[in-house]
Amino acid sequence: MSIEQKLVFYRSQMPENVRLVAVSKTKPNEMVLEAYDAGQRIFGENKVQDLAAKQGLLPSDIQWHFIGHLQRNKVKLIAAFVDTIHAVDSLRLLKEIDKQAKACNRTIKCLMQFHIAEEESKFGLNYEEAVGILKSDEYSGMQNIQISGLMGMATYTNDIEKVRKEFKNLRSYFDSLRRTFFKDKTYFREISMGMSGDYKIAIEEGSTLIRIGTGIFGPRNY
Ligand SMILES: *Cc1c(COP(=O)(O)O)cnc(C)c1O
């Protein structure tokens, strides 16, 4: 199947409120353009240097999402153009994003990354830590970021019920934070969950942003 045919396939699987992030990490610009020509506009990258290089060469109406772990000293390299940062996992990082967005006179959408998988190595917040950020005076003073939702990665496993449970957990954190901190804030609406292997379950459990790499662009060679 061509990239275009794969995009048509994924779109056919997505309810209206779900959007597709085409994860183009490690893939050449020609492949990004192929997806772009097939109508795809949201792309995800997980390395700052790669994202900055691609952004400079590819069409300016692409909405770039940063989906990887972000180091504070690199925020300034993407602050001028990045639409959404999916993996905010500390107040210090959020402060830096706010500062750099302010310097560019713009607002950057941020998702709080939650640790929902059993694997130790994955980054992310727990519920209390997220509440701590949202209750802080520093957060209240931020004017150039917008917390638009949550992001999480399920355990890499064939155990469908385990994955489902982890997605359900993320959904319940989302519902609870929305009730507590984002009442009437319509911008708090994204649940970024689901990748090539588990997007179907993620959609069933309320995902609004699925992040698909391999399923669109094929396997990656590192
Ligand atoms: C690479 C990556 C994806 C895409 O994974 P695939 O299995 O190739 O679809 C999604 N989310 C994050 C955070 C990633 O790093």
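In table form, for the structure just shown:
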| quantity | calculated |
| --- | --- |
| Sites matching GluC sites (Glu not before Pro) across the stretch 83-122 that sit in DSSP coil, with at most 14 neighbouring C-beta atoms within 10 Å | GLU118, GLU119, GLU120 |
| For GLN113, residues with placed amide H under 5 Å, excluding near neighbours | VAL88, ASP89, LEU125, MET151 |
| FRET efficiency, SER136 to ALA103 (Cβ-Cβ, R0 25 Å, nearest 0.05) | 0.70 |
| Inter-label distance for LEU57 and ASP175, nm, one decimal - labels placed 7 Å from Cα along Cα-to-Cβ | 4.6 |
| Loop-resident sites, the stretch 11-57, for GluC sites (Glu not before Pro), counting at most 16 other Cβ within 10 Å (DSSP) | GLU16 |
| Average Cα contact separation per residue, the stretch 3-214, under 8 Å, 6 or more apart, as relative contact order % | 18 |
| Euclidean distance of C-alpha centroids, the stretch 149-181 and the stretch 1-66, integer Å | 24 |
| Solvent exposure, largest accessible area first (probe 1.4 Å, DNA, RNA and ligands not counted), of CYS104, CYS110 | CYS104, CYS110 |
| For the chain, calculated [θ]222 nm from helices alone, where every DSSP H run of n ≥ 4 adds -39500 (n - 2.57) | -11500 deg cm²/dmol |
| Cα convex hull volume per residue for the stretch 3-214 (Å³) | 120 |
| Accessible surface of THR186 - all protein chains present, 1.4 Å probe, nearest 10 Å² | 120 |
| Residue with peak Gaussian network fluctuation, the chain [Cα springs, cutoff 10 Å], from LEU51, LEU170, LEU93 | LEU93 |
| Residues of type lysines that LYS99 reaches as a straight line, Cα spacing below 29 Å, ignoring anything fewer than 8 places off in the same chain | LYS25, LYS47, LYS54, LYS74, LYS76, LYS109, LYS122, LYS135, LYS183, LYS185 |
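The values are calculated or read from the model by the stated rules, or taken from the named source; none is laboratory data. Treat the numbers as computed from the prediction; the structure is a model and nothing was measured. Cβ coordinates were reconstructed from backbone atoms using ideal geometry, including for glycine residues, and neighbour counts include every protein chain displayed. SASA here: full protein model, heavy atoms, side chains in, ligands and nucleic acids out. Shrake-Rupley method; radii C 1.70, N 1.55, O 1.52, S 1.80 Å.
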